[in-house]
Amino acid sequence: MPPPKDVVKIAIQMVGAVPQLIDLQQTKPLASVLKDVCDKWNLPNAEHYALQYADGRQTYITESNRRDIKNGSILRLTISPDQEAEQLYIGIQSKNVDVKTDSLKKLASLSQDITFAQEFISRNGLKQIYSIVEEGNDTGEMLAHTLKAFTELMEHDFVSWENLSTVFIKKIVSYVNMNAVDASIQQLSLSILENMVPTSRLLFEVVKKEVTLDRLLTHLQATNAQLQLKAMALLIALLLSATDAERRDMMDYLREKNIRQFIHKNIIHSSEPLKDEMAHYLYVLQSVSINLCEHRMKMSMDPYSQEQRDLLQSLRQSAFESESEVPAGTFSTERRRSLCAKEFRKLGFTNNSNPAEDLRRAPPGLLALDNMVYFSRNSPNAYSRFVLENSSREDKHECPFARSSIQLTLILCEILHIGEPCSETAQAFYPMFFGQDHFFEELFCICIQLVNKTWKEMRATQEDFDKVMQVVREQITRTLNVKPTSLELFKTRVNTMNYSEILKLRQTERLHQEETLAVPVLELREKLKPELLELIRQQRLLHLCEGTLFRKISSRRRQDKLWYCRLSPNHKVLHYGDVEEGVQSPPIESLPEKIPVADMKMLLVGKECPHTKEKGSGKQNKDVLELAFSIVHDVEEYCLNFIAPTRYEFCLWTDGLNVLLGKEMTSERTQTDLDVLLSMELKLRLLDLENINIPDNPPPIPKPPSNLNFCYDFSQAEQ
């Protein structure tokens with residue numbers, strides 16, 4: 001007979017004593033449980049003791065988390081958090097260096113536990129931490145333990161970062177700015193400043209003033225990958241907390257220092273594989289940089305702005321230079337206005353008498369004008385060739401430069417997500433972005449020439465404008481999907497993908513769709529589905545058995561603790577636990593926490609998850625909502641909360657958990673995988689029927705013959 005749900009069988013250890021095996025009554029007060037355990041070992045003052053997990057994070061057991069204890073858990077009897085906090089509070093004030101160092105080392109370890117942290121902070125322990133940092137000159141092991149303990153204590157959000165003194169902050173800054181200091185201390189200092197920056201405008205200004213961009217660039221060039229990562233994290237935190245004007249100034253300075261080329265050469269193309277955290281920071285840096293275009297994208301042209309009108313006139317003058325050199329007195333005002341209108345029409349403006357009207361639409365707003373001017377100034381030969389080549393064509397066959405440029409700018413803004421907030425988890429960046437200054441403008445220069453090329457290949461007329469731009473969008477998107485490493489490679493590939501190639505791809509996709517829509521094929525698909533769905537289920541469970549590394553995302557920053565979760569090979573237990581950075585696939589024995597699959601009640605996703613309800617709503621959390629899921633388990637309905645590293649992992653895990661719960665797989669990945677498998681299986685089965693039309697209805701079955709005398713009688717032959 002299974003034990004009641006409010007009773008768990010556990011083991012309790014103590015150094016130098018025989019372990020106790022007890023039935024823990026969850027309804028019994030923890031103080032009474034501790035007294036019983038201490039009495040068995042003849043220990044007085046049970047209130048000075050506490051229970052904690054023997055493995056993993058070694059969290060203290062409290063009334064609030066005792067329900068997390070599972071059958072078979074191993075606990076340890078140890079000094080209570082209040083006693084431990086008191087001892088360490090005294091220990092870190094010791095005059096004996098060894099005692100002080102050991103106390104700080106233990107403090108750094110125990111501060112990860114919220115119960116201990118609360119006890120230590122309540123004794124004004126942080127004040128002692130401040131004193132050690134502010135008054136000490138040590139830059140060795142003791143300081144490293146002090147900064148680690150401070151970081152862990154602040155992680156629990158009991159104390160505001162704004163309470164830090166100026167002296168303390170400047171001391172942390174000094175460690176970042178020192179040359180002769182241990183790398184671990186600089187990493188911790190950079191991490192502290194990174195956490196500090198988003199909390200208040202005042203702290204942002206202090207850090208921005210004290211830690212120069214030059215200093216951060218020096219750390220970025222370090223050979224120590226972890227130091228490089230922390231420096232990048234602080235740089236990103238500063239960029240995200242800055243105002244638009246400050247961000248623009250910072251990016252301009254970084255451009256002067258050739259940060260893109262350095263990242264492209266020494267980080268992206270480094271011999272070491274790129275870590276997820278660094279990939280995310282590169283994505284954010286790309287997004288922040290490209291989003292500097294947002295202001296111009298949303299600004300309509302002002303026909304009364306002399307500066308904007310001069311830019312517009314420069315386009316006309318660059319294209320029709322010889323005609324514009326005619327002295328002003330040669331033509332009347334009316335004649336000159338008529339000539340200008342004719343030239344603007346040749347440039348492809350719809351409203352040639354007042355071309356500013358074409359740029360009133362925002363987006364793309366003035367960004368389209370900026371792109372056209374950049375193209376005319378930096379690629380004058382290509383610009384003149386584009387305009388003059390189309391001026392010599394018939395009116396209906398000319399490719400309108402201005403109209404195409406405006407629409408192309410809008411397409412690029414949509415593809416590159418200009419104006420959208422940075423994702424908290426995304427890692428998808430374009431390597432070629434870091435290999436080129438003026439990336440957006442240079443990309444436009446390549447793509448506007450692609451428009452002209454595609455226009456000629458399609459032999460398009462003005463009525464085909466939308467069709468041409470649709471093909472161009474497809475050419476750009478398909479090429480970007482293969483992640484070219486440079487703009488030159490992008491240019492080569494996008495020009496290779498000409499209109500005939502796009503037609504072939506479309507035809508292949510259409511033929512595939514048509515052949516799979518025949519009635520007999522649809523019937524075959526339905527027969528194959530159960531077998532292939534079972535194959536997908538097995539793959540999902542296998543993925544869960546391999547396990548995945550997850551991140552706990554705190555409210556203040558993206559990166560936090562790492563933890564790993566995997567399914568047991570017999571598909572009966574989920575094992576999970578915290579792991580250190582760099583651990584790829586920990587053995588199942590090293591994951592202390594367990595959830596029996598039989599105890600799982602339901603799967604929650606997105607807004608239904610408790611950990612997404614705790615977060616503030618807003619655009620920044622949209623991507624977190626798309627990756628969040630929770631397992632509700634046990635009678636008390638506890639939740640194990642996940643935030644998947646990618647949408648792919650989200651789909652595989654939610655599918656796998658649904659399989660364990662005996663439910664249908666509902667992710668979009670299931671349908672995609674099923675379509676791919678069905679397509680492959682159908683192609684194999686229909687291989688012999690290539691170029692043969694499959695009728696919608698099966699041929700009629702002939703009537704049976706009038707007699708069966710044509711059958712051979714083997715019995716007579718044997719005689």
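A few remarks follow.
- Taking all protein chains together and rolling a 1.4 Å probe, Leu188 ends up with roughly 30 Å² accessible.
- Surface exposure of the chain, expressed per residue as accessible area with a 1.4 Å probe, stands at 52 Å².
- Over 24 Å between alpha carbons, listed pairs Lys346/Lys467; Lys453/Lys504; Lys298/Lys613; Lys456/Lys491; Lys9/Lys35: Lys298/Lys613
- A simple charge model with +1 on the Cβ of Lys and Arg, -1 on the Cβ of Asp and Glu and nothing else charged puts the dipole of the range 105-225 at about 160 debye relative to its Cα centre.
- Exposure here means at most 15 other Cβ atoms within 10 Å; with chymotrypsin sites (Phe, Trp or Tyr not before Pro) in a DSSP loop as sites, the longest stretch of the chain lacking them is 332-709.
- For trypsin sites (Lys or Arg not before Pro), the sites in the range 405-499 that DSSP calls loop and that have at most 13 other Cβ atoms within 10 Å are Arg459.
- Test item: Cα-centred dipole of the range 83-290, Lys/Arg +1 and Asp/Glu -1 on Cβ, debye: 520
- The gain in end-to-end length when the Ser384 to His48 segment is fully stretched comes to 112.4 nm, 0.36 nm per residue minus the alpha carbon separation.
- Its residue count N sets the reference 2.2 N^0.38 Å, and the alpha-carbon radius of gyration of the chain equals 1.28 times that reference.
- Per atom type, the range 16-166 shows carbon and sulfur on 48% of its accessible surface, probed at 1.4 Å.
- Where only C-alpha atoms are counted, convex hull volume of the range 334-466 per residue in Å³: 129
- Gyration tensor (alpha-carbon) shape descriptor, the range 428-536, a/c threshold 1.5: oblate
- Descending principal axes extents, the range 83-290, alpha-carbon based, whole Å: 53, 36, 29
- The range 74-141-the range 183-209 distance, computed between alpha-carbon centres (Å): 23
- The Rg/Rh ratio of the range 7-79, with both radii computed over alpha carbons and Rh defined as the Kirkwood radius, is 0.91.
The values are calculated or read from the model by the stated rules, or taken from the named source; none is laboratory data. Please read all numbers here as calculations on a predicted model, not as lab measurements. Methodologically, a virtual Cβ is constructed for each residue, glycine included, from the backbone with ideal geometry; neighbour enumeration extends over all protein chains shown. Heavy atoms of the whole protein, side chains included, go into the accessibility calculation; ligands, DNA and RNA do not. Shrake-Rupley method; radii C 1.70, N 1.55, O 1.52, S 1.80 Å.
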